[in-house]
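Report on the structure given below.
Values in this text are rule-based calculations from the coordinates and carry no lab data. Just so it is clear, the structure is predicted and the values come from calculations on it, not from any experiment. Methodologically, a virtual Cβ is constructed for each residue, glycine included, from the backbone with ideal geometry; neighbour enumeration extends over all protein chains shown.
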Amino acid sequence: MIDFAALRDRARGRTPGRKARRRARAERWRRPLETSRDRREAWGSLLFADHGFLRLAYRNRHQVTERLWRSAQPSPTDIATAARLGIRTVVSLRADGFGGDPLEREACARHGLNFERVVLQSRMAPPKAVLRQAMEVFPRLEAPVLLHCKSGADRAGLGSALWMILVEGASAEEAQRQLSLKFGHIKHARTGVLDVFLEAWAQTGEAAGLSFAEWVETVYDPESLPRRVQANPIADALLSLMARE
């Protein structure tokens, strides 16, 4: 019998030695790029360790509204394209600690774009603190805005859904369209917790006439949502092997 849990752990580098090496690499990319060697190695990290070579063929970039775009992790060239498209702010929904991150921040500064970070997760219900940050940050951003994660599927979908609710005043039904197979989102894995989150907002918040902020503070229970996810272990293992964070 296949041990899907062990397969996921190995795919995500959860052995002690691999965890230590991942921590060391992350610390490296939190420092400024000071030499040409730093820059070459950052590009290597972006293209290979972070699978950026795949995004050369498909960037998963979409315009959602006049004020919102979404995509996979942008390269410096993609940041230049964003500037030409009139985008004013880039929001990374990823944590730092990988080679593409300092390259992205440098490119934003070079092209006069604002850079923000709101860290989301693809396999857990968003904590209340993260939702409070989104409620504070998203409405004040200079638009048009580009939201991105690694692949542009799950966290970009959740971030876009939150933007639609908080900034565009969209209904839950409209926001839920941002979590779609069209963008690469698979609800029948643990990433389905994001769908459950939006369903909970629709059923216990919007339907009750609450504002999103009221719902987060008085009704929302992130601990209860994972139990409602019917994850297919094969789909979940596949996403792990694809290094979908």
message = If I model a spin label at residue 173 and residue 31 as a point 7 Å from the Cα along the Cα→Cβ vector, what separation in nanometres do I get?
response = 5.5 nm
ask   = For the residue pair residue 119 and residue 84, what label-to-label distance in nm results when each label sits 7 Å from Cα along the Cα-to-beta-carbon direction?
value = 3.4 nm
query = Cα-Cα pairs above 21 Å in the stretch 93-245: how many percent?
reply = 45 percent
query = For the chain, what does -39500 (n - 2.57) per DSSP helix run (n ≥ 4), summed and divided by total residues, give at 222 nm, in deg cm²/dmol to the nearest 500?
reply = -12000 deg cm²/dmol
query = In whole angstrom, how far apart do the alpha carbon centroids of the stretch 187-236 and the stretch 114-150 sit?
reply = 17 Å
message = Rounded to the nearest 5, what % of DSSP beta bridges with both residues in the chain are antiparallel?
response = 20 percent
